[in-house]
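The values are calculated or read from the model by the stated rules, or taken from the named source; none is laboratory data. Values in this document were obtained by computation on a predicted structure and should not be read as measured data. Reconstructed Cβ throughout: ideal geometry from the backbone, glycine too, with neighbour counts over all protein chains shown. With ligands, DNA and RNA removed, areas are computed over all heavy atoms of the protein, side chains included. Shrake-Rupley method; radii C 1.70, N 1.55, O 1.52, S 1.80 Å.
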Amino acid sequence: MRPCCAFAVCHVFMLVLCLSAAEDFDWTKNDHGSFYYGTFPAGFSWGAGSSAYQTEGAWDKDGKGLSIWDVFSHKKGKIQQNDTGDSSCEGYYRVKDDVSLIKELKLNHYRFSISWPRLFPTGIKSDHINERGIQYYSDLIDQLLENNITPIVTLYHWDLPQVLHEKYGGWQNISMVNHFNEFANLCFERFGNRVKYWITFNNPWSVAVEGYETGEHAPGLRLRGTGAYKAAHHIIKAHAKVWHTYDTQWRAKQKGQVGISLSGDWGEPVDISNQKDIEAAERYVQFYLGWFATPVFHGDYPQVMKDFIGRKSSQQGLGTSRLPTFSPQEKSYIKGTCDFLGIGHFTTRYITQKNNPSGRSSSSYFTDRDLAELVDPRWPDPGSEWLYSVPWGFRRLLNFVKTQYGNPAIYVTENGVSEKMLCTELCDDWRIQYFKDYINEMLKAIKDGVNVKGYTAWSLLDKFEWDEGFSERFGLYYVDFRNKNKPRYPKASVQFYKRIISSNGFPNQREVENWRRKAVETCSSSNQLLAADPLTSHMEMVTEIVVPTVCTLSILLSAIFLMFLLRRRN
Ligand code: NOJ
């Protein structure tokens, strides 16, 4: 038997076997390959991230306009527990505090996003520019720089101005390209003297598929089989336009870089000796990451997308493919519009071939792919339902990027793991394990020759997790959302990540084990602080409500008593 066949059989066998063995499995021992002790290249940039709608709060303050997420989250039944990002972490008011957390972690960079409707309340430049919004981001940038922290700024992390949605249908409409370009241009003009790393779009896959295909995300449209492809088409054009704007108008003066942040799960064939599974797994990645990366690096959609969607469209009796096409001019305009590639990566799937019926009613992005996704039940999934910890998939995805797109400079813009809401546990051993293993796989990828320049832990704080509301916590810092001051508490992973950063890698087994032990030891004191928090909020209520009320009442009573005495005298 060829070694690969043995492995393939083993794969399938494990998937079957683990169905019965799942309960006994200790996931912390789920090592796929050995741990690599070593350091990252000098100058490797360590960071953490956030996004505007997820953390800022202040949704209607200081002249900000509505975004599609403000409106979507206010509709009943769209978000877990009907949570909204109205106040979230109150990041808008906590710049100083959050910068000191970033300093505490000794991060080299901080990734955040700019809320488009905070700068242009209607999304349209000629309507109004909100200087107070500009001031907020300007202060944040200044404070980061004063502390030697490089800002990496995302221009679009999903909060489209509501007016643009209502007037034009948002990303379904080509006019977004120019509006977005004007917004980006203003950001370059006002912040570009200080910001040198720009990300046009964060995870456009989610915007297209969840916003316009499944409707789980704002604006909540369910345009199956067409909506996602159309949105993506306009997003790719908008990205290219903004890159060219920077290239022709700002680059020479500001000397920065413009990239895009794409997310992608890794897809591993269920049976690696089965050609159909191998192709299905490749298709999975091409429909995910390749959908955006291939145009940006090579000028057009992946061939496999064109083939599959084109064939299904004609079987459905359509005259043209549901996947839009780029003209030759557009192709050359889009090709090469990426100074670095941002990668957001969290998890992996096993993939097998599965033929879907091609009827018109069943057409969708998902059925177009002709595949099925599987997970190994032994994979740990401590938080979000979709997020299984599979560190080795990260190395494979990074190597895929290297070979497919000519080894571009990569910044990992998101990587991390969540926990469930009710868990007020700051001793997040599972997150330490996740970071340790994923960061180690990234180190192996760098040894493989992948050009990874930086890593961004997702996320700095617990925050609003889109349709999951506050029920999933990704933060290095715990945020107590019950307390109106939204206090932040370090989880154990803060200590562990800090050690990785200060050693620029993993020195040796003894030390790394020590870091872990110490991190878990110190978190118990933070746990006590957090446990005392209801008391703190109670005391706040005493000082802010009870004391003033009692004082006012006492004054009133004294006045009445005094009047009574004076009357009796007379
Ligand atoms: C990717 C999104 O960009 C980010 O906003 C979100 O928090 C993470 N996925 C986790 O779901």
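The rows are residues; the columns are (1) open to solvent by 70 Å² or more (accessible area, probe 1.4 Å); (2) modelled with pLDDT of 95 or more.
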| site | (1), (2) |
| --- | --- |
| Lys486 | no, yes |
| Ser503 | no, yes |
| Arg510 | yes, yes |
| Val520 | no, no |
| Leu530 | no, no |
| Met563 | yes, no |
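I need the full set of residues from the stretch 127-161 which are in a strand (DSSP E or B) and either of a type in the set (A, V, I, L, M, F, W, C) or open to solvent by less than 10 Å² (accessible area, probe 1.4 Å) (or both), in order please.
Result: Pro151, Ile152, Val153, Thr154, Leu155, Tyr156, Pro161.
Output yes when any residue across the stretch 476-484 is among the aliphatic types (A, V, I, L, M) and under 24 Å from Thr348 (Cα atoms), and no when none is.
Yes, that holds for at least one residue.
May I ask you to list the residues in the stretch 225-253 that are open to solvent by 10 Å² or more (accessible area, probe 1.4 Å) and either more than 15 Å from Phe180 (Cα to Cα) or in a loop (DSSP other than H, G, I, E, B) (or both)?
Scanning the stretch 225-253 gives Thr226, Lys230, Asp247, Thr248, Gln249, Trp250, Arg251, Ala252, Lys253.
Applying the selection to the stretch 180-238, what residues are within 22 Å of Tyr333 (Cα to Cα) and touching a His at 6+ places or on another chain (Cβ under 7 Å)?
Thr200, Phe201, Asn202
Residues that are away from the ligand (no atom under 16 Å from the Cβ): list the strands (runs of 3 or more DSSP E) wholly contained in the stretch 338-424 that include at least 3 such residues.
Of the strands (runs of 3 or more DSSP E) lying wholly inside the stretch 338-424, those with at least 3 residues that are away from the ligand (no atom under 16 Å from the Cβ) span 348-353, 371-374.
Applying the selection to the stretch 254-289, what residues are in contact (Cβ under 8 Å) with a residue 60 or more places away in the chain, more than 21 Å from Lys453 (Cα to Cα) and part of a helix (DSSP H, G or I)?
Lys276, Asp277, Glu279, Ala280, Ala281, Arg283, Tyr284, Val285, Phe287, Tyr288
I'd like to check something: does the stretch 296-313 contain any residue that is within 30 Å of Asp376 (Cα to Cα), within 16 Å of the ligand (Cβ to nearest atom), touching a residue at least 24 places away in the same chain (Cβ under 8 Å) and in contact with an Asp or Glu (Cβ under 8 Å, 6 or more places away or on another chain)?
no
Identify, from the list Val452, Val479, the residue that is at pLDDT 95 or above and either within 16 Å of the ligand (Cβ to nearest atom) or touching a Gly at 6+ places or on another chain (Cβ under 6 Å) (or both).
Just a single option satisfies the conditions, and that option is Val479.
So, Ile260, is that one within 16 Å of the ligand (Cβ to nearest atom) and either open to solvent by less than 10 Å² (accessible area, probe 1.4 Å) or within 23 Å of Ser332 (Cβ to Cβ) (or both) or not?
Considered against the rule, which asks whether it is within 16 Å of the ligand (Cβ to nearest atom) and either open to solvent by less than 10 Å² (accessible area, probe 1.4 Å) or within 23 Å of Ser332 (Cβ to Cβ) (or both), Ile260 comes out as yes.
Hey, Ile432 hits all of (1) open to solvent by less than 10 Å² (accessible area, probe 1.4 Å); (2) more than 19 Å from Val304 (Cβ to Cβ); (3) within 16 Å of the ligand (Cβ to nearest atom) but one; which does it fall short on?
Result: Ile432 fails condition (3) only.
Looking at Thr325, Thr294, Thr352 in this structure, which one is over 28 Å from the mean Cα position of the chain (by Cα), open to solvent by 10 Å² or more (accessible area, probe 1.4 Å) and either within 14 Å of Tyr405 (Cα to Cα) or among the β-branched types (Val, Ile, Thr) (or both)?
Of Thr325, Thr294, Thr352, the one residue that is over 28 Å from the mean Cα position of the chain (by Cα), open to solvent by 10 Å² or more (accessible area, probe 1.4 Å) and either within 14 Å of Tyr405 (Cα to Cα) or among the β-branched types (Val, Ile, Thr) (or both) is Thr325.
Could you please let me know if Arg222 is basic (Lys, Arg), closer than 30 Å to Ser45 by Cβ and open to solvent by 50 Å² or more (accessible area, probe 1.4 Å)?
Answer is no for this residue.
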